[in-house]
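Just so you know, all these numbers are worked out from the coordinates, no wet-lab data involved. Note that the structure is a prediction, hence the values are computed from the model and not measured.
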């Protein structure tokens, strides 16, 4: 299985969502901005694909995510709470994002 969804705005790549099946797991790769309407699209795509992934190990690759707003973080938290994926994050910012989506939102000290 290999699915890829991409959204562009004014000729620029905004968000790419790729599901790739390996022998060990399903890899969900995100590239670009998980924000605004693109966060909503990620939520829609996740809701569509999640039932097919229920019994599989999920790996969530955030390595190429460059931005996530509050809506994007909420969708990523939903994915994390439902699938408990292994998260790949290779920069300080993506490691921060990974920590934010894994955290219990009621325990966060940075809430306003």
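Structure summary
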{"read-out": "Full-stretch length increase - residue 22, residue 78 - with 0.36 nm per residue and alpha-carbon distance subtracted", "value": "17.9 nm"}
{"read-out": "Centroid-to-centroid separation of region 74-105 and region 40-73 [C-alpha atoms, Å]", "value": "10 Å"}
